[in-house]
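Have a look at the structure below before the remarks.
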Amino acid sequence: MTDHHGRTESADPMLISPGSARALLRDAPWRRYAVLGDSIAQGVGEASAGYRDIGWADRVAEVLTAVHPETAYLNTGRIGATSDQLLAEQLAPVLEFRPDLVHISCGGNDLFHPGGDTDRLRANLETAFSALAATGAQLCAFTVADVWETERMAPMRPMRPRMAELNAIVRDVAGRYDAVLVDFWDHPLRLRPDLMSTDLIHFTTGGHAVVATEMIRALAARISAAAGSI
């Protein structure tokens, strides 16, 4: 089965094969992977024909578990979560889980509406990153993609400046905590006409597959860099 643009998961040029993904993470030192945040963290999105119906974080966890079966995985992400709710409801369970690899994806709901408080968002993300970094865990994050150029996304175009603000905050905070950061703002994925679900907010599962590939590549680069510094 293929999507209406002729792609399949096995022949998508933006994806790596399952075998390649496992090879990239074969030397991963992490055994407890946690993801916290909003619907992006949770992996919400409509199914794409030709792609497995699975979110990006579950895909990354799948590869980590394939190479190290003892890997434990926790995802506390939920639809609509703000950074206030992340701190109040998700941070403690994740800290209790004792992850050594943790991904934070939050902030879009804080700034979705006009008047979103960027200072409060920055402070909340700082609190979350600081608390998790203090455990010695490797932190990860990514920026949102600039999807608003396509005609289909025209109704959502007023969001673009606020999402650019979100990205600036994420880049800054992630950089200060040495997080593995994947910057999707200019990624060619953003121009795929079938990228967005009908809500025009969430990626389809075809998009999630590409996100997972880029996260796996970034984690592999960190593994290689760490090995080279020994």
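What follows draws every value from the coordinates through simple rules; no lab data is involved. Keep in mind that this is a model prediction, so the values were computed, not measured. FYI the Cβ positions are ideal-geometry reconstructions off the backbone, even for glycines, and counts take in every protein chain you see.
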Fill in the blank from the handout: Length gained, Glu126-Asp58, 0.36 nm per residue minus C-alpha separation, equals 22.0 nm
Handout entry: Helix-derived mean residue ellipticity, 222 nm - over the chain, DSSP H n ≥ 4, -39500 (n - 2.57), to 500
Key = -12000 deg cm²/dmol
Problem - Other-chain or far-sequence residues with amide H under 5 Å of Val182's (modelled H) - result: Ala141, Phe142, Thr143
Exercise for the section: Give the distance, in whole Å, between the Cα centre of region 9-63 and the Cα centre of region 111-143. Expected result: 22
Exercise for the section: Counting only C-alpha contacts under 8 Å and six or more residues apart, can you give the relative contact order of region 6-91 as a whole percent? Expected result: 39
Practice task
Could you work out how far apart the two model spin labels at Asp172 and Ala227 are, taking each label as a point 7 Å from the Cα in the direction of the beta carbon, and quote it in nm?
Solution key: 3.6
Problem - Electrostatic dipole magnitude of region 9-225 [Cβ: Lys, Arg +1; Asp, Glu -1; Cα centre; debye, to 20] - result: 360
Completion exercise
With Ala81 itself left out, Lys, Arg at +1 and Asp, Glu at -1 over residues whose Cβ is under 13 Å from its Cβ give -3
Practice task
Please work out the FRET efficiency for the pair Asp117 and Ala23, using the Cβ-Cβ distance as r and a Förster radius of 45 Å; give the result to the nearest 0.05.
Solution key: 0.55
Completion exercise
Computed over the chain, the relative contact order (Cα-Cα under 8 Å, seq sep at least six) in percent reads 26
